[in-house]
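Colleague: Input: one structure, supplied below.
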């Protein structure tokens, strides 16, 4: 049985910890600089928690640094362990862990909150190791909790992270903009939940270019001008509407 120590207590630590526990990976304990957070997660995962880095056992197979990117190198440098040290960042090089003999990346390409109900089918994980042997070890561990494991380089991971920001973070911000427009005009966000769901469903079986619809796709100048008129009271939204519409129109002519 694989064993792991989880360093961190936030969204990723919680969700991956639950998956590891569910699928039989031995969680030896939790460490977090905020002791109360470590204790809470340890209770959820029915394991121990550590008050300091010095208390972390040195004989685990893996050490998962599920912490903010800016802290990865600092915490890694304090670990004196023999197992594989992993971070979970899409935008951080594997090399920040190079004080260890065995190190790598286990990056879940998914939007995660503590209450996310993840399954092996719903969480693609991108991995990288400092050599082939370590990569194989990481892959064996990751296959336990994910059915979609991909070996990618840091260069590829940077672009995957960028693409994820467009597909998830920016899209969610657009939802927030739509929500404000609806609310300010006496309408509920529930009105557009079905179209959001249908858009997400369609993209599961086609590429984005095949599913694009709307005024810009149709070159419907009348509708676009009407929307721009309505958006005069939302100058930031108007600027983004113009940029996105121009991008769709340009793509259609290529």
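Any read-out appearing in this document is the output of simple, stated calculations on the displayed coordinates, not a laboratory observation. If you're wondering where the values come from, they're calculated on a predicted model, not measured in any experiment. For neighbour counting, all protein chains shown are included, and Cβ atoms are generated from backbone atoms with ideal geometry for every residue, glycine included.
Colleague: If the convex hull of the alpha-carbon atoms of the chain is projected onto planes in all directions, what is the mean projected area in square nanometres?
Modeller: The Cα convex hull of the chain, projected and averaged over all directions, gives 16.4 nm².
Colleague: Considering the chain as a Gaussian network with a 10 Å cut-off on Cα pairs, which listed residue, 172, 185, 40, attains the greatest mean-square fluctuation?
Modeller: 185
Colleague: For a protection proxy built on the mean count of beta-carbon atoms within 10 angstrom, sort 232-245, 130-143 highest first, please.
Modeller: Averaged packing, sorted descending, gives the order 130-143, 232-245.
Colleague: How big is the gap, in Å, between the Cα center of region 48-78 and the Cα center of region 1-28?
Modeller: Computed from Cα coordinates, the inter-centre distance equals 13 Å.
Colleague: Run the numbers for residue 122 and residue 101: contour at 0.36 nm per residue of separation, minus the present Cα-Cα distance, in nm.
Modeller: 4.4 nm
Colleague: Let me ask something else about it. Tell me, what is a quarter of the convex hull surface for the C-alpha atoms of region 156-253, in nm² with one decimal?
Modeller: 7.3 nm²
Colleague: Based on the Cβ-Cβ distance from residue 147 to residue 54, what FRET efficiency comes out when R0 is 22 Å, to the nearest 0.05?
Modeller: Between residue 147 and residue 54 the formula returns 0.05.
Colleague: Taking only the alpha carbons of region 1-129, what extent do you get along each of the three principal axes, in Å, biggest first?
Modeller: Here the Cα extents, ordered largest to smallest, are 35, 29, 29 Å.
Colleague: Gap in Å between the Cα centre of region 152-193 and the Cα centre of region 217-244?
Modeller: With region 217-244 and region 152-193 each reduced to a Cα centre, they are spaced 18 Å.
Colleague: For n ≥ 4 DSSP H runs only, could you compute -39500 (n - 2.57) per run for the chain, divide by its residues and tell me the 222 nm figure to the nearest 500?
Modeller: So the calculated ellipticity at 222 nm is -13500 deg cm²/dmol.
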